[in-house]
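The values are calculated or read from the model by the stated rules, or taken from the named source; none is laboratory data. Here the structure is a predicted model, which means the values were calculated and not measured. With ideal geometry, Cβ positions are generated from the backbone for all residues, glycine too; neighbour counts draw on all protein chains shown.
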Amino acid sequence: MNVCFQIARKALVDTWDIVIGQPISSIIIALFVFVIAITIARQWRGKDYARDWLNDALIGVCAIVVVGIVVLLLETFLVPINMISEAQMKLESMTNTVFSLEADKSNLDNQRSVLQTTVDKDDAALRAVGAVTGYTNGTFAQNAELILSKVNQMQIELKSLDDRIFAPKRAETFSLSQTNVVTILLTTNRGPEVFLRLKYPPIPESISGIFQGPNNSQTPLILNGFRENVLWFQFPNLDGLDGAKFVITYSVDAKDTNIIHKVSTNENEIYFDSIPQRMVNPIDE
């Protein structure tokens with residue numbers, strides 16, 4: 001019943017947009033103007049003139065009703081097809097996102113394996129040297145302290161990497177119409193930059209993005225830079241951005257409590273919370 005209601009509702013909305021294409025308030029105003037015009041014509045030109053004008057108007061209304069009924073019948077058959085197509089596109093998008101997340105996890109697993117191997121080798125080497133020599137002179141003690149320090153640091157990095165691997169992912173979708181979280185910086189010496197303000201600060205290694213074009217094409221987004229919860233991407237021009245969507249998946253960095261609340265532009269400058277910024281990725285600084 002719910003599906004039938006959705007199909008009927010969408011068919012009616014699409015028919016109204018195709019045949020009428022105006023909000024109901026505009027139709028009511030037009031009818032009010034028409035009644036006033038008929039009244040004036042009747043007083044000025046006579047009843048016969050007003051009657052002829054009203055008959056012509058009724059013929060036009062009948063034509064619109066007939067066309068509306070035909071379009072409604074067509075839409076009733078087309079709406080389920082369109083709904084199935086949209087569902088398939090959403091499923092494909094979600095599948096691509098899952099594949100991307102699985103690839104990210106695989107890369108992090110490889111990094112963890114390499115780091116664990118290095119830790120095991122250094123720890124084993126230190127234990128072997130201590131067991132064989134038993135020396136406690138300054139040189140060995142200094143070397144042992146350095147190795148232990150390195151092992152401890154690697155253990156900390158390994159723990160941090162585990163946290164990043166198993167951190168839950170969240171996804172946010174943006175479009176250019178969302179001016180409260182999407183900002184475009186236009187410059188004269190390079191292409192436009194699109195700034196996206198996430199709800200939370202991301203873990204850098206977890207960031208991945210998909211660009212969905214107006215024609216439903218999907219391409220990976222290449223991160224141009226980030227700061228706190230703001231990401232930005234470089235594009236050669238504005239072609240294809242209108243109507244496009246940006247799907248960003250990331251893990252929330254619970255340790256980072258700094259949040260940028262507003263992104264704005266002034267000529268060729270970008271401002272984060274009213275502070276002008278130098279566009280450099282913090283990783284590269």
>> Could you go through the stretch 54-72 and let me know if any residue there is exposed (fewer than 12 other Cβ atoms within 10 Å of the Cβ) and modelled with pLDDT under 75.
In response: no
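Which fully enclosed strands (runs of 3 or more DSSP E) of the stretch 221-280 have 2 or more residues being outside the structural domain of GLY191 (by TED's automatic domain parsing) and at pLDDT below 90? Break it down into steps so the answer makes sense when it comes.
On the way: elements: 225-227, 230-234, 245-251, 263-266, 269-272.
In the stretch 221-280, no matching strands (runs of 3 or more DSSP E) lie anywhere.
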>> Under 7 Å between Cβ atoms, which residue pairs at least 6 apart in sequence (or on different chains) link something in the stretch 247-276 that is within 13 Å of THR183 (Cβ to Cβ) with a partner that is crowded, with 19+ Cβ neighbours inside 10 Å and of a type in the set (S, T, N, Q)?
In response: ILE260/ASN229; VAL263/THR183; SER264/THR183; THR265/THR183
